[in-house]
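K.L.:
Supplied in structure tokens, the structure appears directly below.
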Amino acid sequence: MPTARSLTLPAVLATAAAALVLLHACEDPARESDLSSTAATAVRTLTISGNGSGTGTVTSSPAGLNCTVTAGVAAATSCSATFATTTTVTLTAKAAGGSSFVGWLGACTGMVSCRLVMSQDRAVTARFLKGPFTLQILGGGSGTGS
């Protein structure tokens, strides 16, 4: 094997050029493009489950979810959807007759509409209760009213 001293300048340049050609051949521009495209179109999953004794639906904006919850159990279809990573999804719950929507659990809490940025996979539970519901009004004070 020749030593570094025995190599001439043209031999060194030829060896370096061959190494560059090999390195360039190892690059895969198509793969780099695929990786960039995948990152730009990454999707996250939003899954709805049900809770409680009531019935209702959960829909999303943008469209993708139209989940029916019956007796607290989410349907097997239309209760999971994928959205682009940067998408803001708003969920709306609507109780069926004889039921009442009583709140969100999981990635959303409270009783108003649920708004999520899909930066990761998310799971939300919609809680519906079955009626009848009794409204009781108690009087107080010294005035009269109806």
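Coordinate-derived values only; no laboratory data. Please read all numbers here as calculations on a predicted model, not as lab measurements. Virtual Cβ from ideal backbone geometry, glycine too; neighbours counted across all protein chains shown.
K.L.:
Mind listing the long-range amide H neighbours of Ala96? Cut-off is under 5 Å, sequence gap 5 or more, other chains count too, H placed in the peptide plane at 1.01 Å from N.
P.N.:
Thr55, Gly56, Thr57
K.L.:
Sticking with this structure for a sec: Please state the relative contact order of region 95-138 as a whole percent: Cα pairs under 8 Å, 6+ residues apart?
P.N.:
The normalised contact order for region 95-138 reaches 46 percent.
K.L.:
Continuing with the same structure: Expected output is a single nm value to one decimal: the length gained when fully extending between Ser78 and Val102, i.e. 0.36 nm times separation in residues minus the C-alpha distance. What is it?
P.N.:
6.5 nm
K.L.:
Related question: What is the sum of charges around Ala95, taking Lys and Arg as +1, Asp and Glu as -1, for the other residues whose C-beta is under 15 Å from the C-beta of Ala95?
P.N.:
Local charge sum for Ala95: +3.
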